[in-house]
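Single-structure report; data block below.
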């Protein structure tokens, strides 16, 4: 028996619909003893968009983020690619052992990325590169490593530098760094994005090779932990 078209249309109209939107509740926690994180940038994006890629040279936008904590270029790049972007959820620096949270609706975007500079470092950043957002609601945990952007020598001299092409570390937010360092190195052999070797530091606060205090500013990966809750968006 044929179902009249008008009845079929009514049946379809009341059928349950699943939305493609993915709403995420995200909490970022600083796992380090003495490292601060500059403002984070968090984004939902497509498969063709990336903030960084291990083994590849850093973009000029990533260089600005990794050397000086400037997320404006990365934000503009992501927005231009149609990404959903959230900036600076902590409202400034994220201190050791601190956490910050945000909610982001990634819409139809299927991948999640984030990034932030580590201080005091020359060009270290923490980052998630294109994590596939699960379709199943629930809580997911991501341990995040620190990477070297490969754009600046890790001289470990705190001198207020931070603009691309200007050597040095912008600041030590904990006011616990040394002064008058001669520098750990002036060159780097690996100039692509790679796992950071960590600060070397020393314990001479008025000289030595490094202004970084090896009793405070050393770290081991992971440097942050991210809790992602994928909310149930069934209508």
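FYI, it's all coordinate maths here, none of it is from the lab. It should be emphasised that the depicted structure is a prediction, and the values quoted were computed from it without experimental measurement. No Cβ is skipped: glycine too gets one built from the backbone with ideal geometry, and neighbour counts run over all protein chains shown.
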From fewest to most C-beta neighbours within 10 Å, the residues 101, 210 line up as 101, 210
Restricting to Cα pairs under 8 Å and 6 or more apart, the percent relative contact order of the chain works out to 27 percent
Computed Rg/Rh for region 19-230 (Cα atoms; Rh = Kirkwood radius) stands at 0.98
Contour minus Cα-Cα span, residue 205 to residue 136, at 0.36 nm per residue, comes to 19.8 nm
Quick note on 205, 114, ordering by fewest other C-beta atoms within 10 Å, gives 205, 114
The exposure ranking of 117, 77, fewest beta-carbon neighbours within 10 Å first, is 77, 117
Between the modelled labels at residue 48 and residue 76 (7 Å from Cα along Cα→Cβ) the distance in nm is 2.1 nm
Between the alpha carbon centres of region 128-144 and region 150-181 the gap in Å comes to 33 Å
Per-residue ellipticity at 222 nm attributable to helices in the chain (runs of n ≥ 4 DSSP H, -39500 (n - 2.57) apiece, nearest 500 deg cm²/dmol) works out to -3000 deg cm²/dmol
For the residue 27, residue 232 Cβ pair and Förster radius 22 Å, calculated FRET efficiency rounded to 0.05 is 0.75
